[in-house]
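The structure under discussion appears below in the form of structure tokens.
Values in this text are rule-based calculations from the coordinates and carry no lab data. Quantities reported herein were computed from a predicted structural model and do not represent experimental measurements. A quick note on method: Cβ atoms are made from the backbone with ideal geometry, for glycine too, and the neighbour counts reach across all protein chains shown.
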Amino acid sequence: MSISMTKANDVTVLTLTSDPQSSLPPLCQILKALCYNPVCCTVSEHLRRIQRNSQSVLGTLHIMVGLLNIGLGLILLIADIYVYPVEYTFFPVWLGILFIIFGITCILSEKYPSPCLVIVNVILNLAGVAFAITAVTLYGITMGNIYLRRNCATYYWYDQTTPSPSSRDTELRAECMWNRAIALMLVRSITAVLIVLSALELCVAISASVLGIKALRKREKTEGSDDPEYYKPLMEEVATNDFSS
């Protein structure tokens with residue numbers, strides 16, 4: 001399948017010619033033609049100048065957020081606490097992996113700024129917006145579902161025949177309750193940090209998407225202004241006005 005594109009009067013026409021000898025469905029042929037298109041995969045110096053170092057900075061933030069999600073998420077998983085839904089879905093780990101992938105794509109789109117790679121970067125970052133919102137929601141649910149597995153009653157014992165526990169038992173219970181409160185505070189603090197990181201990821205993904213879209217739009221405008229066909233309607237209008245006058 002071959003793809004050709006023509007522009008005239010602010011109208012873009014795509015012409016698709018299918019290969020009758022190919023056993024692939026039309027959608028796969030279109031994707032194959034786009035991937036093998038040298039115009040789409042060629043590194044654009046103009047895109048490099050437009051993007052500068054912004055995508056590398058955003059990509060680094062993506063990777064940092066992803067690594068922190070994995071590290072803090074593993075702390076929640078290995079701790080002796082019940083954290084729903086982290087314990088059943090492991091979502092901090094796979095969300096962190098996705099954020100790292102988004103960051104690598106941002107860096108690659110700056111190092112090798114081909115139109116196809118920039119478009120892929122925009123699509124992935126738009127998906128990153130959805131995943132960041134999902135992360136904020138899941139961590140918010142986690143904040144209200146944190147419980148310690150052990151009860152302080154298991155840390156001391158006293159004779160059932162005595163009317164009340166001894167002073168030593170009371171001290172152990174008080175120490176246990178204090179440690180329990182500290183553990184809950186630490187786990188909730190980690191979850192709060194993860195919520196803040198997810199909000200940061202949301203901002204980074206939106207910024208990367210907007211910058212990628214702006215770079216593509218500026219590239220189209222610049223290429224249009226450099227194309228002689230871009231000035232053809234204007235020249236015809238000027239010639240018509242001169243002729244009528």
Trypsin sites (Lys or Arg not before Pro) restricted to region 48-91 and DSSP loop, no more than 13 other C-beta within 10 Å: R52
Alpha-carbon spread of region 70-138, three principal axes, descending order, Å: 48, 19, 13
